[in-house]
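Heads up: the structure comes next, in structure tokens.
The values are calculated or read from the model by the stated rules, or taken from the named source; none is laboratory data. Treat the numbers as computed from the prediction; the structure is a model and nothing was measured. Cβ: placed from backbone, ideal geometry, glycine included. Neighbour counts: every protein chain shown. SASA here: full protein model, heavy atoms, side chains in, ligands and nucleic acids out. Shrake-Rupley method; radii C 1.70, N 1.55, O 1.52, S 1.80 Å.
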Amino acid sequence: MFLSLNCQAYTYRLSRVMNQRVITQSTRIRKGVVLFFSFMLISIKNIKIVMYFESLASELFLEVFKYLSTSHMYHAFHGLNIRFDELILEYFRNSHLDFRSISKLDFDTIVQEYLPNMLDRITSLCLSDDDDTPGQIDQFFSHGLQLRQLVNLHSLLLSNIRSESNMDKIILDLPYLSNLTHLTFEQCYFASQNTLEKAFTYGNSIWSLPQLICLCFKVDYKYRQSHHIVDKYRRDNGICIRTSVTSSTLEYLSIIGVTSCSIDLTELHKHTPHLRYLSMDEFTITDNPTYAIMPQLTTLIISYSLKHTWHCHFLEMLRRKYLPNLIYFKLDYDYEYPPMDGGTWKQLIDNHLPKLQRLEFRMLQRLSDSEYSSEEEQIDRILNSYRSDFWLVERSWFVQFDWIPGKYYGYLYTLPYAFDKFQILAAIRSKSTYPLDLNEHSYRCVKSLMYKPRIYGLPSMSHIQFFYIEHLSIDLPVSAYFHCLVPRFDHLISIDVLCDNYDDQCQEQLQDLLDRAPRLTSIRISWKTLSSSLQQLFESQHLSVYQLELLYYGGTFDREQCMMLRKIISTIQCRVLNFILADRTLMLDLINTMPHLQAINVQCRTGKRHPSSTSTEKNCAWLQQQLSSIDIHAIITQQNDFIRLWIR
């Protein structure tokens, strides 16, 4: 006989899981899990069928666990009865442990009670030092744990680990993970061209993994494409990959969203002979490149904005047939010369890329300011080179040219648009070789949009539309042009809002946007002033915003504004707060009066524009002493001039 469920507690826990938007799979799967949850809620409200609910197969619960984060699965089911505790243990032993966004209390409990008994059975792990779990990797090590103990680990994801010393520890442990097949670094510190010796140390450790198949370095959308005022929040400083060790297993290498990527392709091929998939953002060719045939490579995705001579080196590699088996080629380059017209592409493909089946590109094209040829006439000549039978009939490849009238440049790209980010700086005009009207799938790949044109003189309609935006960086106020560009926000997860003259119009537009973004979890707002209107806006929305970041145009939050901030945080059920304070004592007030806050990332400015490293260290020590005196055992770390607290 199973121990009885506490029906009231269970109903509350499941309701909380459902309300926090933690199910992120496909619509069909999501609906199925929600229906299952609904059935459980209905069942446990009827005491007569509680035992029927408890008699459901364990396999069914284990399947449901897969669609919940580690944090929410543990929070919903742990401690209900012995059976569920045993199911959690079984799930942890054989499944994915994802510690992103977890509370400090749940993390400590899982690490202390569960991990020691199953270190050799864990197959997948995520560790994160992001803003909602700052200091997690230090806490992991403080419990006496090392990655080298996870001998059966197949997949490892490390997020926002910006500490060089912590990355050094991790890199030293990697060679012990002999079963690791997938390794991902998100916004992590990595060696650059200025530290070549460390680059070789890191590279050799990774390339020594005997089973590694997929390796990925990436930067999330919200840290890639933001307004200039928050560019300092970027979480990478480029990457340099060097290795003298050969991997016989590595097949997929992705470097996504970084500021710069330095790789010697010949050396990469030499030490990665079975590489089939290579994706690189902001690729930097070495000063004296050499070439080697890479017959295994079938997919190449590359972006760069470099000198003309370096571009020629890359084209030379293609022309020498060093990629004879390339099937998919995706290119993004952001400089003016040389132009690639349709005839040049056809010749390159026919003569040097015989197996190419899929081509996607985006290229900057300069137009001349000539009295003999208008912008549109020049654009028509470019597009006509892509209207041959090779493009329209044989390959069914179509291109579009976007330009801002009077600027004498534009972007030529294949349709559907194949890249994950897009910028709108002014009203766009377009011409295309595509014979049909564009639809919502034409820009399905775009996940991050920056919108910052001046509000005046914009049209009310646009043939370009984005339906699947996940991150939005926007200047307010906006015109009808924006609402035509982005008809809906049902995929929006994070938003940067910039407004230098907060007024009723901006408030109404932000309120409308928030109303239409049901999945929004992260808001970064840059206002000229923190007004009571902003407080009223949040109070009227019934929002549940997981992370809030307030940037106050060079100013700091004083005591009066912090009181206003407390009301906002309570209203939107905020768990993670990023902001700038005038007085360090105000942090204690927020921590003591905001029991739902999980983490705080704060900069203390006492008269200085940017606090020194020494003053930030002193503030960390002071804060640790103050919190210990009131029995709050927070994890406090420092990143640049920010103090980061993982409180609960």
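For the peptides 388-394, 88-94, 150-156, the ranking by mean Cβ contacts within 10 Å, running from highest to lowest, is 150-156, 88-94, 388-394. The length gained by stretching the chain between Arg559 and Tyr434 to full extension, at 0.36 nm per residue less their Cα-Cα distance, is 39.2 nm. Modelled spin-label separation between Leu196 and Asp108, with each label point placed 7 Å from Cα along the Cα-to-Cβ direction: 4.7 nm. Packing order of peptides 203-209, 564-570, 372-378, highest average first: 203-209, 564-570, 372-378 (average count of other Cβ atoms within 10 Å over each peptide's residues). 3J(HN,Hα) along the stretch 610-619, derived from phi through the Karplus expression 6.51 cos²θ - 1.76 cosθ + 1.60 where θ = phi - 60°, amounts to 10, x, 6, 4, 5, 5, 5, 4, 5, 5 Hz, with x in place of Gly and Pro. Each label point was placed 7 Å from the Cα along the Cα-to-Cβ direction; for Gln296 and Leu425 their separation is 4.1 nm.
What FRET efficiency would be calculated for the residue pair Arg444, Lys270, taking the C-beta separation as r and a Förster radius of 35 Å, to the nearest 0.05? Between Arg444 and Lys270 the formula returns 0.40.
Sorting the segments 430-443, 581-594 by their residues' average number of neighbouring beta-carbon atoms within 10 angstrom, most packed first, yields 581-594, 430-443. Seen through its C-alpha gyration tensor, with square-root eigenvalues sorted a ≥ b ≥ c, the stretch 332-459 comes out oblate because a/c lies at 1.5 or above while a/b is not bigger than b/c. Annotation: amide H-H contacts under 5 Å for Ile302 (H modelled 1.01 Å from N, sequence separation of 5 or more, or interchain): Met280, Lys330, Leu331, Asp332.
When the C-alpha to C-alpha distance is required to be over 29 Å, the pairs from Lys346/Lys452; Lys218/Lys330; Lys330/Lys447; Lys198/Lys218; Lys66/Lys104 that qualify are Lys346/Lys452.
How much length would be gained if the chain were fully extended between Ser374 and Asn117, taking 0.36 nm per residue of separation minus their Cα-Cα distance, in nm to one decimal?
Between Ser374 and Asn117, full extension yields an extra 85.2 nm.
Taking amide hydrogens as placed 1.01 Å from N in the peptide plane, the amide H of Val258 sits under 5 Å from those of Val219, Asp281, each at least 5 positions away in sequence or on another chain. Summarising the amide proton neighbourhood of Cys126: residues at separation of 5 or more, or on other chains, whose placed amide H is nearer than 5 Å comprise Leu97, Asp98, Phe99, Leu157.
Oblate is the label for the stretch 457-527, because the ratio a/c of its alpha-carbon gyration tensor axes (a ≥ b ≥ c) is 1.5 or higher and a/b is not greater than b/c. Between Lys355 and Met461, the modelled labels are 4.7 nm apart [label points 7 Å from Cα along Cα→Cβ].
The value of relative contact order for the stretch 391-514, using C-alpha pairs under 8 Å at least six residues apart, is 19 percent. Length gained on full extension, Asp85 to Ser629: 192.4 nm, using 0.36 nm per residue less the C-alpha separation. Solvent exposure of Thr299, expressed as accessible area, is near 20 Å², computed with a probe of 1.4 Å over the protein chains only. Backbone phi angles across the stretch 435-450, fed through the Karplus curve with coefficients 6.51, -1.76 and 1.60 (θ = phi - 60°), yield HN-Hα couplings of x, 10, 6, 5, 10, 5, 8, 5, 10, 5, 6, 6, 10, 10, 10, 10 Hz in residue order; Gly and Pro are listed as x. For the stretch 143-194 versus the stretch 75-129, the spacing of their alpha-carbon centroids is 19 Å.
For the stretch 399-501, the solvent-accessible area with a 1.4 angstrom probe is 41 square angstrom per residue. Note on Lys452/Leu172: beta-carbon distance plugged into 1/(1 + (r/R0)^6) with R0 of 30 Å gives a FRET efficiency of 0.10.
The stretch 434-501 and the stretch 255-283 have Cα centres spaced 32 Å apart. Phi-derived couplings, Karplus 6.51 cos²θ - 1.76 cosθ + 1.60 at θ = phi - 60°, listed residue by residue for the stretch 188-200: 9, 4, 8, 4, 10, 5, 7, 10, 4, 4, 5, 4, 5 Hz, with x used for Gly and Pro. Within a straight-line Cα-Cα reach of under 15 Å, Lys321 can be paired with the following aspartates and glutamates, leaving aside sequence neighbours fewer than 8 residues apart in one chain: Asp350. Annotation for the stretch 578-648 versus the stretch 349-423: alpha-carbon center distance of 52 Å.
Please label the shape of the stretch 84-232 as rounded, prolate or oblate, based on the square roots a ≥ b ≥ c of the eigenvalues of the alpha-carbon gyration tensor (a/c under 1.5 means rounded; beyond that, a/b larger than b/c means prolate, else oblate). If you can, show how the numbers build up before the last one.
Details: a/c = 1.91, a/b = 1.28, b/c = 1.50.
It is oblate, given that a/c is not under 1.5 and a/b is not larger than b/c.
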